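For reference, the structure discussed in these notes is given below.
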C-alpha cells in the first residue's frame, strides 16, 4: 500500500515538526529536564527561532540569525549534555519526521540533524576542556 505522507515542503511543515518534537522531548524522561527545569528560559520564545533555523537550513530562506553552537555550549554549562542525550534527541527527531513526512527533504532534515548532533558534541567536548 502506498503511503499518503508527503515530503516536507514549507515553513508550516517545519512548524508542525518542531512543535510535535518538542512536545515529545519535554515529556521524555531522559531529555525532558532540559526543557522543563528552566534550562531553556522560555521555550515559547525559543520555538520560533528553531523553526527559523530549520526553515533556513532546508529552504535557504535566511530567516535564522544566530549561532546555535554558542547557544548550546552555554546550555551545556548550565546542564551538561551527554552522548545519550544527543542520541535520544536524534531518535525523537527522526521519529517525529517519520510520523509526519516522507521524501528527500524529510531525509535531508534527518541527515542534517545527525550532522549537527555530531558537530555539537565535538564543540561541547572542546569547550569543557578549555
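The values are calculated or read from the model by the stated rules, or taken from the named source; none is laboratory data. Values in this document were obtained by computation on a predicted structure and should not be read as measured data. All Cβ positions, glycine included, derive from the backbone under ideal geometry; neighbour counts span all protein chains shown.
Screening residue 79 on (1) over 22 Å from residue 121 (Cα atoms); (2) at pLDDT below 95 shows it passes everything except condition (1).
Can you find a residue in segment 85-93 that is part of a helix (DSSP H, G or I) and more than 13 Å from the chain's Cα centre (by Cα)?
Step one: list which residues in segment 85-93 are part of a helix (DSSP H, G or I), which gives 85-93.
Checking the rest, the ones that are also more than 13 Å from the chain's Cα centre (by Cα) come to none.
Among the residues of segment 85-93, not one is part of a helix (DSSP H, G or I) and more than 13 Å from the chain's Cα centre (by Cα), which makes the answer no.
Looking at segment 94-107 only, could you name the residues that are in a helix (DSSP H, G or I) and either in contact (Cβ under 8 Å) with a residue 60 or more places away in the chain or farther than 23 Å from residue 36 by Cβ (or both)?
Residues of segment 94-107 that are in a helix (DSSP H, G or I), as a first pass: 94-100, 104-107.
Those that are in a helix (DSSP H, G or I) and either in contact (Cβ under 8 Å) with a residue 60 or more places away in the chain or farther than 23 Å from residue 36 by Cβ (or both): 95, 96, 97, 98, 99, 100, 104, 105, 106, 107.
For segment 54-68, residues that are without any contact (Cβ under 8 Å) to a residue 12 or more places away in the chain and either in a helix (DSSP H, G or I) or under 24 Å from residue 82 (Cβ atoms) (or both) total 2. Scanning segment 21-53 for residues that are within 14 Å of residue 89 (Cβ to Cβ), assigned to a helix (DSSP H, G or I) and in contact (Cβ under 8 Å) with a residue 24 or more places away in the chain gives 21, 22, 24, 25, 33, 34, 50. Residue 110 versus (1) in a helix (DSSP H, G or I); (2) within 30 Å of residue 3 (Cβ to Cβ); (3) touching a residue at least 40 places away in the same chain (Cβ under 8 Å): which is the lone unmet condition? Failed condition: (3).
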